[in-house]
Amino acid sequence: MSHQSSTQTIPDVASIPRHIAIIMDGNGRWATQRFLPRVAGHGKGVEAVRDVVEACVDRGVQYLTLFAFSSENWRRPAEEVSLLMRLFVTALEREVAKMHANGIRLKVVGDLTRFDPKLQQLIALAERRTANNTRLTLTICANYGGRWDIMQAVRKMVVAAPGRSEFTEEELAPHLAMAYAPEPDLFIRTGGEERISNFLLWQLAYTELYFTDTYWPDFNGAALDEAIASYQHRERRFGRTSEQVVEQKKAS
Ligand code: IPE
Ligand code: IPE
Ligand code: MG
């Protein structure tokens with residue numbers, strides 16, 4: 001079998017991860033701990049996003065993917081959902097010019113059809129405006145679910161090959177929402193929970209996982225460096241033995 005995905009090549013962990021994917025969790029608990037409304041935590045969370053994006057640009061990370069709103073988050077109280085939507089709109093309005101100036105390409109992935117048309121338009125404009133930037137690709141996963149992603153990819157793959165019933169992994173991968181990026185090297189979840197919560201399911205197959213108790217609003221460049229340092233001590237084997245990995249490293 002010939003595979004092109006990073007599941008088969010061995011990226012050097014000694015260097016900076018090419019792609020970092022983060023579940024930004026703990027905003028509500030951060031606020032509650034301070035006797036503030038949950039929404040205050042989301043507001044503070046936006047500041048942490050700014051800090052971590054800057055740190056990624058600075059450290060030379062090429063792809064940063066942030067889980068902002070899951071397909072399950074609609075289950076939250078209506079006021080919280082609508083505040084999150086408003087925060088998303090303001091953040092786009094305020095930050096896109098600066099992102100563009102800093103060479104950041106913005107992508108928003110997920111089922112966007114459920115969003116307000118005004119928000120959909122803002123997203124489309126921001127993506128178009130920053131499309132040719134190459135310093136960092138920042139992906140915001142909004143109304144995203146890993147199962148949704150796999151299903152929409154399967155649908156597209158089947159439609160593209162009428163009458164066929166046999167397919168390979170290589171044929172599915174290009175239809176996934178983040179086909180433009182390599183699979184994440186490092187996954188971070190803040191806020192203490194140790195689960196994937198329907199984030200990138202297909203793409204995380206061989207990603208190194210890092211969990212921290214730090215609530216997202218307290219996460220910053222220094223905390224990111226700690227996660228990267230932990231990553232750099234891992235040995236990524238992709239099914240091989242440790243000896244094989246060491247041999248391959250020597251040969252390259
Ligand atoms: C993550 O923080 C932000 C979103 C899911 C939008 P939470 O709001 O889940 O914070 P906790 O987990 O309740 O503390
Ligand atoms: C995951 O956080 C989704 C985002 C950070 C956007 P949740 O707080 O919604 O996850 P669960 O419900 O605790 O698994
Ligand atoms: Mg949470």
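None of the figures in this text is laboratory data; all of them are computed from the coordinates on show. Every value quoted in this text rests on a predicted model; they were computed, and no experiment measured them. Cβ placement follows ideal geometry from the backbone for every residue including glycine, while neighbour counts extend to all protein chains displayed.
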Full-extension gain between A124 and D225, please, as 0.36 nm times their residue separation minus the C-alpha to C-alpha distance. 33.2 nm
Rounded FRET efficiency, nearest 0.05, which uses the C-beta distance separating D51 from E243 and R0 of 51 Å: 0.80
What do you get for trypsin sites (Lys or Arg not before Pro) in the range 144-232 restricted to DSSP loop and a cutoff of at most 11 other Cβ within 10 Å of the site's Cβ? R164, R195
Pick from T134, T212, T113 the residue whose mean-square fluctuation is largest in a GNM of the chain, springs joining Cα atoms under 10 Å. T113
Which three semi-axes in whole Å describe the equivalent ellipsoid of the range 104-252, each the square root of 5 times a Cα gyration tensor eigenvalue, listed largest first? 29, 25, 16
Rounded to whole angstroms and listed largest first, the alpha-carbon spread of the chain along its three principal axes comes to 54, 48, 35
Sorted by chain and number, the residues with a modelled amide H under 5 Å from that of T139, at a separation of 5 or more or across chains, are L64, T65, L66, K107
Exposure proxy order (Cβ contacts within 10 Å, fewest to most) of K107, K118, K250: K250, K118, K107
Let me know the Rg and Dmax you get for the range 177-252 when you use only its Cα atoms, in Å. 14.6, 43
So what is the calculated 222 nm ellipticity per residue for the chain, using -39500 (n - 2.57) for each DSSP H run with n of 4 or more, over all residues, to the nearest 500 deg cm²/dmol? -13500 deg cm²/dmol
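One-quarter of the Cα convex hull surface for the range 60-126, in nm²? Walk me through the intermediate numbers first.
Working: hull surface 19.9 nm².
The Cα convex hull of the range 60-126, projected and averaged over all directions, gives 5.0 nm².
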Expressed as a rounded percentage, what relative contact order does the chain have, with Cα pairs under 8 Å and six or more residues apart? 30
Lysine pairs meeting the criterion (Cα under 29 Å, 8 or more apart or interchain), as found in the chain: 8
Quick one, what does Rg over Rh come out to for the range 1-129 if you take C-alpha atoms and the Kirkwood Rh? 1.01
Between K156 and Q33, the two model label points (7 Å from Cα along the beta-carbon direction) sit apart by a distance in nm of 3.9
Using a Gaussian network model of the chain whose springs link C-alpha atoms within less than 10 Å, name the residue from P182, P11, P117 with the highest mean-square fluctuation. P117
